[in-house]
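What follows is one structure encoded as structure tokens, with my remarks underneath.
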Amino acid sequence: MWIQILGNGSWNREIREDTARKQPMPNPFRLGFLSHLRGRADAEKAYRENLEIFEAADRLGFDAVWVAQHHFKDLGGMLPSPFPFLAAVAQRTRRLRLGTSIIVLPFEHPLRVAEDAAVVDTISNGRLELGVGSGSDADEFEAFGVDIDSRHQRTTDALITLKKALAGETLGEDNQRLRPPAPTLGDRLWLSALSIRGAQYAAQNDAGLLLSRFVGSEEQAAGQEQEPVAIAFRDAWGERPLPPRIGLSRGIYLGSDRQEALSQIEEHAMGGIPPDLTPEDFCQRAHIAYGAPEDVAARLSSDRVLPYTTDLILQFDPIHPPLERILEMLEQVATEVAPALGWHPTDH
């Protein structure tokens with residue numbers, strides 16, 4: 001900012017005011033929200049409510065929203081086709097990044113994935129974040145008639161074709177190319193991985209790394225188990241024109257205090273809490289940070305993967321309270337939890 005100081009009419013000069021301390025620091029991460037579009041056998045309601053949730057996230061300054069792909073589920077998630085839904089989100093929002101977390105590649109033809117993704121990216125003016133992976137749900141693999149043991153090789157093969165199409169390379173003997181073109185979408189490709197080897201594979205493919213909130217150990221903190229994976233990804237990335245991207249998914253639930261949060265978790269857990277578990281045990285197994293905003297912020301700030309994170313992706317799943325409560329918590333995330341971690345809303 002410039003301030004003009006006037007003398008006695010004979011001269012004037014401009015001096016620059018030091019505003020560095022008043023300018024917001026760069027965000028430590030992009031703030032995202034992930035929905036599994038859960039419902040109670042009512043897909044129309046789940047879609048309608050999630051459109052409202054994502055519109056609210058846009059207004060609150062979230063940087064991204066992500067959706068999970070699930071097949072043949074009611075309680076587990078009701079969105080088998082993320083691209084049409086994200087096209088609808090694109091028309092109702094102006095700034096949000098729109099992410100898939102994830103498209104299960106072994107069930108898809110990679111050229112159709114490329115085409116559908118390119119259409120959404122075009123409609124949204126380049127806002128798509130394309131997350132893909134190999135999947136793990138045995139029931140889904142059986143229903144699709146795909147051998148679950150082949151999922152990694154199928155993902156590898158599909159990824160080669162997907163990247164080729166997104167890069168605008170020729171396809172087939174007649175030298176066809178992806179239409180509509182999506183020349184920058186390949187720079188927004190993400191791969192989910194659980195292991196060091198998977199993280200290295202993501203880096204080798206110039207893809208961002210998506211880390212799930214679920215880890216192998218129920219007792220060990222997710223960040224403790226995933227820190228070596230994040231480090232391996234950063235090391236494998238090395239020196240490249242674009243910086244490495246790590247998306248960290250974490251489950252949270254907010255209340256006025258920890259006890260109220262636990263009470264609501266017990267009431268609204270999809271499918272209920274198993275009778276042999278207390279609400280505290282359930283949250284530990286599901287790696288859910290719960291309590292007042294300051295409790296949740298403290299838990300997230302101690303996560304050992306957070307310093308490596310470029311995209312913090314929060315979710316309330318598998319807790320499914322009424323829409324009004326979700327919107328309240330979403331606002332608390334944007335105004336209390338994330339700012340305590342150094343984030344602030346930015347205009348794109």
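Descriptive notes on the structure:
- Antiparallel DSSP beta bridges within the chain, as percent of all bridges there, nearest 5: 15
- Cα gyration tensor shape of segment 103-205, rounded if a/c is under 1.5, else prolate or oblate by comparing a/b with b/c: prolate
- Counting 0.36 nm for each residue step from residue 95 to residue 302 and taking away their Cα separation leaves a gain of 71.6 nm.
- As a proxy for reagent exposure, 308, 290 were ordered by neighbouring Cβ count within 10 angstrom, fewest first; the result is 308, 290.
- For segment 81-121 versus segment 293-348, the spacing of their alpha-carbon centroids is 24 Å.
- Of the GluC sites (Glu not before Pro) in segment 133-204, those whose Cβ has at most 11 other Cβ within 10 Å and which sit in DSSP loop: 173
- A Cβ-based charge dipole, computed about the Cα centre of the chain with Lys and Arg at +1 and Asp and Glu at -1, lands at about 1280 debye.
- As a proxy for reagent exposure, 330, 209, 166, 323 were ordered by neighbouring Cβ count within 10 angstrom, fewest first; the result is 323, 330, 166, 209.
- Lys/Arg +1, Asp/Glu -1 at C-beta; segment 24-340 dipole; positive extreme among 318, 298, 269: 298
- In plain terms, the chain from residue 52 to residue 323 could stretch by 96.7 nm, reckoned as 0.36 nm per residue minus the Cα-Cα distance.
- Förster radius 35 Å - calculated FRET efficiency between residue 88 and residue 284, Cβ distance, rounded to 0.05: 0.45
- Sorted ascending by nearby beta carbons within 10 Å, beginning with the fewest, 287, 152 become 152, 287.
- Each of 338, 193, 256 was placed along the dipole of the chain (beta-carbon charges, centred on the mean Cα), and the one lying farthest toward the positive end is 338.
- Estimated distance in nm for a label pair at residue 125 and residue 177, the labels positioned 7 Å out from Cα along Cα-to-Cβ: 2.5
- Using 0.36 nm per residue and subtracting the Cα-Cα separation, the extra length available between residue 187 and residue 263 on full extension is 23.1 nm.
- The ratio of the alpha-carbon radius of gyration of segment 264-325 to the globular-protein estimate 2.2 N^0.38 Å is 1.24.
- Charge-dipole axis of the chain as Lys and Arg at +1 and Asp and Glu at -1 on Cβ define it, positive-most pick from 145, 207, 289: 207
- Only DSSP H runs of four or more residues enter the estimate; each adds -39500 (n - 2.57), and after division by the residues of the chain the mean residue ellipticity at 222 nm equals -11500 deg cm²/dmol.
- Sites residue 239 and residue 206 - FRET efficiency at Förster radius 22 Å, r taken between beta-carbons, to 0.05: 0.95
None of the figures in this text is laboratory data; all of them are computed from the coordinates on show. On a predicted model such as this, the values are computed, not experimentally measured, just so you know. Using ideal geometry, Cβ is built from the backbone for each residue, glycine included, and neighbour counts are taken over all protein chains shown.
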